[in-house]
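Once you've had a glance at the structure underneath, I'll fire off some questions.
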Amino acid sequence: MEREAALTRLFESHYTGLLRLAVLLGADDAEDIVAEAFCELHRRWNRLRTADAALPYLRSVVCNLTRMRLRHLQVVRKHAEWSTDLERSAESVALLRDDQKALIDALRQLSVRQREALVLRYWLGLRESDIAAAMSISCGAVKAHTNRGMATLTKIMRERR
């Protein structure tokens, strides 16, 4: 009963933020990814060290699921020999303002790891250690991906002017 109450509170307070995270990481099925992350959390609740570990766990699952789906799409496109634009769900599109569209387009041009590091750092405001845990990489790799991503993003945004 306590688990369900905690999950309900997490869902009510963090669903939209996790949905935005998935969208910013490039997911075309952000709602499915977030729902799957909550299912994973429900399944593994008893394995958490503390209830405070639930939100970082959700972020990590959202990152991993998005990464896996994007890799799958790359393989499908490569073998299908045709490419179409990803259809975005209405909810995903509604979350993005017009002034964010240019930034989202620029983010999509970054490598997956650079995009993840930047979104986790600057959108969610996570510390390097939390980003490293969410991405399953070292803190040094987080710094490298963040620096390279910012340099590339800056270049892209300057060229758009």
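Show me 131-138, 55-62 ranked by packing, highest mean number of other Cβ atoms within 10 Å first.
Ranked from most to least packed, the peptides come out as 55-62, 131-138.
Now a separate question. Please label the shape of region 97-161 as rounded, prolate or oblate, based on the square roots a ≥ b ≥ c of the eigenvalues of the alpha-carbon gyration tensor (a/c under 1.5 means rounded; beyond that, a/b larger than b/c means prolate, else oblate).
The shape class here is prolate.
Listed highest first by mean packing, meaning other Cβ atoms within 10 Å per residue, what order do 45-52, 106-113 come in?
106-113, 45-52
Could you list 38, 11 in order of exposure, starting from the residue whose Cβ has the fewest other Cβ atoms within 10 Å?
So the ranking, lowest neighbour count to highest, is 11, 38.
Only the coordinates and a few stated rules stand behind these numbers; no lab work does. What you are looking at is a predicted structure, and each value in this text was computed from that prediction instead of being measured. All Cβ positions, even for glycine, are placed from backbone atoms using ideal geometry, and neighbour counts span all protein chains on display.
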